[in-house]
Amino acid sequence: MYLYNSATRKKELFVPNNPDIVKMYTCGPTVYHFAHIGNLRSYIMEDVLEKALRYAGYNVKRVMNITDVGHLSSDADTGEDKMLKGARREKKTVMEIAQYYTDAFFDDCKKLNIKRPDVVEPATNCIAEYINIVSTLLEKEYAYVSGGNVYFDTSKLNQYYIFNSHNEEDLAVGVREGVEEDTNKRNKNDFVLWFTKSKFEDQALKWDSPWGVGYPGWHIECSGISMKHLGEDLDIHCGGIDNAFPHHTNEIAQSESFLGHKWCNYWFHVLHLNTGTGKMSKSTGEFLTVSLLESKGYDPLVYRLFCLQSHYRKNLVFTYENLDNAAKTYQKLIAKIAGLNFDDAAPVDEAVLASLKEKFQKALDNDINTSLAITAVYDVLKAATNDATKLAAIADFDYVLSLDLIAKAKALKEKQASAVKTVGEIVIEGEGDPEIDAVVKARAEAKKAKNWAEADRIRDELKAQGIEVVDTPQGAKWKRV
Ligand code: AMP
Ligand code: ZN
């Protein structure tokens, strides 16, 4: 499998440190609010990566943190803790907020068929691990105490920036426009490992430490949780592209300084989902959540398909028009699969199945090319083979795509079977859409009244909507084409 590695800016052959187990770490959500569908784009594509690795035959151990402390509203270590803000907004405790939004996150994941990682660890569970890393960094003089906080000293590194080829000045947190400089820092990129002092004195969760009562910085949690469950080396680290700097850059700085060797080999970054007007936000514009899409009548898996249709390394623009197109594609795809014979008793043609699978695998092996992987499903439908083989291939691919293709097609077939209705003497068989049934019935009535012009007009009107009506001795049958 070839994967693009943001650390080297190249597509590279993926070779795990240990062929028996791929160690994968994912930055989890900050649970101060619902996840927006932009956040969930990242989790969908990371889910596909994990499943593609398993499909390729690897064992995977995947770990995800839950950020319930330390993620400040500013990257420059000067803002307020997001969790505290969330708790205040909802007049609840930080822990109540964390539980509520963690559950909400996994409910959304379930609706999107995102598999739960093997290990899910809240940041507040691992304070001892962070204290251990910070102590060692102080001993090794990669860290210093200033103004009550412990900072990582970026001047001790030969190379701090990993992911960017931009002008370093533009990226430096300390000089970003509108960001207040922390005068405790020796260098503008230094970051907090452990806070005991903040201008926001009312931090809810605090722990004792050798440097006083306080709380960990956001970056240290991912290093600590990853090492706790995956040890001293990591194959793949994932996250949205906004996490590359400073979060992942800082994770690398502290992890490698602590360990004294390279930590993670491949960095998988998902580009952003944007709205037509720009960045997706929880505070401005429409707060786009899975529940909101559902309330508007969209199946969450339509959103998953929408994400799979484009490559994870391209920005994706969300509009309802684009989502409607994905909904139509999904509906048509399910209808095509429902057209296969699920009772085909013919044996699966193993040679054909293997060649269909090879095409699918090839798409995934090329840096998780999900749109090509979807094309491979259409290739199955067009293949010169029996329906049993086609259904076996689609079920196999759906392990990775997770679009419920077989279950939805079966449900549609059942609906179609029960949609045979006798309206007076008029029998209509369709896909279970009452509105279209009514139009087809009107056409049948026009025919019965020998109003051929009206019957033809209705047939043309349906055709324009992509619906074909066939008259059979049993009555009118319609389907989407
Ligand atoms: P957070 O809950 O803010 O810690 O973010 C959770 C995940 O969503 C991280 O991996 C972010 O990098 C990612 N993310 C944030 N905004 C977007 C977006 N608009 N599109 C895709 N991923 C995003
Ligand atoms: Zn992280």
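The values are calculated or read from the model by the stated rules, or taken from the named source; none is laboratory data. Everything numeric in this text was worked out from a predicted model, so none of it was measured. Positions of Cβ are backbone-derived with ideal geometry, glycine not excepted, and every protein chain shown enters the neighbour counts. Accessible surface areas use protein heavy atoms only, side chains included; no ligands, DNA or RNA. Shrake-Rupley method; radii C 1.70, N 1.55, O 1.52, S 1.80 Å.
Are there any GluC sites (Glu not before Pro) in the range 381-481 that are in a DSSP loop and have at most 15 other Cβ atoms within 10 Å? List them by number. Present the calculation step by step, with values, prior to reporting the outcome.
Numbers: sites: GLU414, GLU425, GLU429, GLU431, GLU435, GLU445, GLU454, GLU461, GLU468; in loops: GLU425, GLU431.
Hits after loop and neighbour filter: GLU425.
Along the range 270-282, what does the Karplus equation 6.51 cos²θ - 1.76 cosθ + 1.60 (θ = phi - 60°) give for ³J(HN,Hα), rounded to whole Hz, x for Gly and Pro?
Going residue by residue, I get 9, 6, 7, 8, 10, 8, x, 9, x, 5, 6, 9, 8 Hz, with x marking Gly and Pro.
Quick one: pull the percent of accessible area on the chain belonging to carbon and sulfur, 1.4 Å probe, ligands and nucleic acids left out. Mind showing how you got there, number by number?
Details: 10630 of 21260 Å².
Here it works out to 50 percent.
Can you list the residues, at least 5 places off or on another chain, whose amide H is less than 5 Å from the amide H of SER209, using H built in the peptide plane?
GLY214
Give me the 1.4 Å probe accessible area per residue for the chain, excluding ligands and nucleic acids, in Å².
Ligands and nucleic acids excluded, the figure is 44 Å² per residue.
Mind listing which trypsin sites (Lys or Arg not before Pro) in the range 345-443 are in a DSSP loop and have 15 or fewer other Cβ atoms within 10 Å?
Working: sites: LYS357, LYS359, LYS362, LYS382, LYS390, LYS408, LYS410, LYS413, LYS415, LYS421, LYS441, ARG443; in loops: none.
Passing sites in the range 345-443 do not exist.
Tell me, what ³J(HN,Hα) does each residue in the range 230-247 have, in order and in whole Hz, if you take phi through Karplus 6.51 cos²θ - 1.76 cosθ + 1.60 with θ = phi - 60° and put x for Gly and Pro?
10, x, 8, 9, 9, 7, 10, 10, 10, x, x, 5, 5, 7, 4, 9, x, 4
Give LYS359/LYS415; LYS11/LYS262; LYS115/LYS206; LYS110/LYS282; LYS91/LYS282; LYS359/LYS390 a once-over and call out the pairs whose C-alpha atoms are over 23 Å from each other. Before the final figure, lay out each step's value.
On the way: LYS359/LYS415 32 Å; LYS11/LYS262 19 Å; LYS115/LYS206 32 Å; LYS110/LYS282 21 Å; LYS91/LYS282 18 Å; LYS359/LYS390 14 Å.
Over 23 Å Cα-Cα: LYS359/LYS415; LYS115/LYS206.
Quick check: pseudo-label points 7 Å beyond the Cα along Cα→Cβ at LYS61 and SER418, how many nm apart are they?
Distance between label points: 4.6 nm.
Using modelled amide H (1.01 Å from N, peptide plane; none on Pro or chain starts), what sits under 5 Å from the amide H of ASN65, excluding residues fewer than 5 places away?
THR26, GLY28, GLU121
Taking H as built 1.01 Å from N, whose amide H comes closer than 5 Å to the amide H of ASN274, not counting residues under 5 places away?
Residues meeting the criterion, in which the H sits 1.01 Å from N, are LEU316, VAL317, PHE318.
Which net charge results when you count Lys and Arg as +1 and Asp and Glu as -1 among the other residues whose beta-carbon is under 10 Å from that of ASN265?
The answer is -1.
Can you list the HN-Hα couplings for the range 211-216, worked out from phi with the Karplus curve (6.51, -1.76, 1.60; θ = phi - 60°), rounded to whole Hz and with x for Gly and Pro?
10, x, 6, x, 8, x
Please give the calculated 222 nm ellipticity per residue for the chain, where each DSSP H segment of at least 4 residues contributes -39500 (n - 2.57) and the sum is spread over every residue; nearest 500 deg cm²/dmol? Don't skip to the answer; put the middle values down first.
On the way: 16 runs with 207 residues, N = 481.
Rounded to the nearest 500, it is -13500 deg cm²/dmol.
Just subtract the alpha-carbon distance of TYR320 and ARG116 from 0.36 nm times their residue separation and send over the number in nm, one decimal. Walk me through the numbers on the way to the answer.
On the way: separation 204, 0.36 × 204 = 73.44 nm, distance 2.80 nm.
Net length gain for the segment: 70.6 nm.
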